[in-house]
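Notes for the one structure printed next.
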Amino acid sequence: MFDVITFGSATQDVFLKSKGFIVREEKKVFTKKGICFSLGSKIPVQEIKFLNGGGGMNSAFTFKSQKFNVAYCGVVGDDVPGEEIRRKLIQNKISTDFLFFDSKKPTNYSVVLETANERTILVYKGASELLVEKKIPWSRLKSTKWFYLAPFSGKLVDLWEDILIFAQKNHIKVVTNPGNSQLILPKDRLKKLLNLADVLLLNQEEASLATGLPYNKEKEIFKKLDNWVEGICVMTKGPLGGVVSDGKYLYEYGILKAPKTLDRTGCGDAFGSGFVTGLIRWSSALQKKWGLNQIEYAIQVGSANAVSSIQEFGAQNGLLKKGDDIFKFGKVKIKKRKL
């Protein structure tokens, strides 16, 4: 029996840092800033790192760091990066029973271009999109306690529905962090699927896309989401913290101050998987000890895991381990109010 099976991408990440990456104002791009370097030139790179990432794999590492019995389910290419991902999962005692190789596409690949204060990620969505219903040995998943669904893209939207329905039929709790391909589904279908989740994880932009409301209309967004989802809704807001709803109360939370920040890649995955760890681990004894209810405790664990992760390079390094002090970076400020 697995405590958690994570679904989603596993990637080869290459980090490049160069003084030749120039940040300049650019009105034509979304953030109004862009990276510029000389066309046709050789750009010296001062630092290069090869690491692994991907939402499914990143979340698996949090759960394993917390000593849960974990499996990762996904597809990689029949190539060197795919074999490296398999090796790393085995090395960290994450089950590869549901890891599949496919020669039709290479393993997912990301190139992270680092500047002084920010990073830009070039993403290739490869073999991960080849996970299909017939690949999965469903009968072996029935005794799992939790499914953690990282963002799915492209044709995986149909598989997302299959997994949610299977989980409901087999009384498996589900956390879903849907990506844009899922959130642009027709609203009736989207509402039906989100209602099958026990925990919904979104950032501000995703919550706005799902509901069709401006991202700053938080109260209206949560009213709509709470009508769609019987479980817990989480909306993260980056450096501003986030908001959690349990259908009765809104919990507005801030951020913890990091002693240092080396790499924010995978910070969202660290918070989401840490938040779920808190939900699983919470008990009345912990409430008596810390004075935190289940949602407040989950926010604290997720926030501490996120801060811990950004102090090392790579989304799978620096994560909290079972037994670590969840208050070592301070206590998150949380405001609780009726929805």
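Computed quantities for the displayed model
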quantity	calculated
Filtered residue count, region 216-256, keeping only those that are touching a Cys at 6+ places or on another chain (Cβ under 8 Å) and assigned to a strand (DSSP E or B)	2
Filtered residue count, region 180-203, keeping only those that are open to solvent by less than 30 Å² (accessible area, probe 1.4 Å), outside any loop (DSSP other than H, G, I, E, B) and in contact with a Leu (Cβ under 9 Å, 6 or more places away or on another chain)	8
Check on Ala304, outside any loop (DSSP other than H, G, I, E, B) and buried (at least 16 other Cβ atoms within 10 Å of the Cβ)	yes
Residues satisfying the stated conditions in region 101-141, i.e. over 20 Å from the mean Cα position of the chain (by Cα) and either exposed (fewer than 13 other Cβ atoms within 10 Å of the Cβ) or acidic (Asp, Glu) (or both)	Asp102, Ser103, Lys104, Glu114, Ala116, Asn117, Glu133, Lys134, Pro137, Trp138, Ser139
Check on Val112, hydrophobic (A, V, I, L, M, F, W, C), assigned to a strand (DSSP E or B) and touching a Leu at 6+ places or on another chain (Cβ under 6 Å)	no
Thr261 vs. criteria in a loop (DSSP other than H, G, I, E, B), of a type in the set (S, T, N, Q) and touching a residue at least 12 places away in the same chain (Cβ under 8 Å)	yes
Test for Leu209: is it more than 18 Å from Ile280 (Cα to Cα) and open to solvent by 40 Å² or more (accessible area, probe 1.4 Å)	yes
Matching residues in region 17-46 - criterion: being surrounded by 10 or more Cβ atoms within 10 Å (Cβ to Cβ) and within 28 Å of Gly274 (Cβ to Cβ)	Lys17
Flag if Asp269 is in contact with a Ser or Thr (Cβ under 7 Å, 6 or more places away or on another chain) and open to solvent by less than 60 Å² (accessible area, probe 1.4 Å)	yes
Filter result (buried (at least 17 other Cβ atoms within 10 Å of the Cβ), touching a Ser or Thr at 6+ places or on another chain (Cβ under 7 Å) and not aliphatic (A, V, I, L, M)) within region 318-339	Gly318
Checking Lys223 against (1) without any contact (Cβ under 8 Å) to a residue 60 or more places away in the chain; (2) open to solvent by 10 Å² or more (accessible area, probe 1.4 Å), the condition it does not meet	(1)
Residue among Trp138, Trp146 that alone is among the aromatic types (Phe, Trp, Tyr) and within 22 Å of Trp228 (Cβ to Cβ)	Trp146
Complete set of residues in region 62-100 that are open to solvent by less than 10 Å² (accessible area, probe 1.4 Å) and either part of a helix (DSSP H, G or I) or not aliphatic (A, V, I, L, M) (or both)	Thr62, Phe63, Tyr72, Cys73, Gly74, Gly77, Gly82, Ile85, Leu89, Phe98
Where a residue in region 10-30 is free of Cβ contacts under 8 Å to residues at least 12 places away in the same chain and in a strand (DSSP E or B) and its partner, wherever it lies, is of a type in the set (D, E, K, R) and open to solvent by 80 Å² or more (accessible area, probe 1.4 Å), with Cβ under 9 Å and at least six apart	Glu25/Lys32; Glu25/Lys33
Of all residues in region 142-176 being assigned to a strand (DSSP E or B) and open to solvent by less than 10 Å² (accessible area, probe 1.4 Å), the one that is nearest to Leu202 (Cα to Cα)	Thr176
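The values are calculated or read from the model by the stated rules, or taken from the named source; none is laboratory data. Quick caveat, the model's predicted, so the values are computed rather than measured. Cβ coordinates were reconstructed from backbone atoms using ideal geometry, including for glycine residues, and neighbour counts include every protein chain displayed. Ligands, DNA and RNA are excluded from the accessible area calculation, which covers all protein heavy atoms including side chains. Shrake-Rupley method; radii C 1.70, N 1.55, O 1.52, S 1.80 Å.
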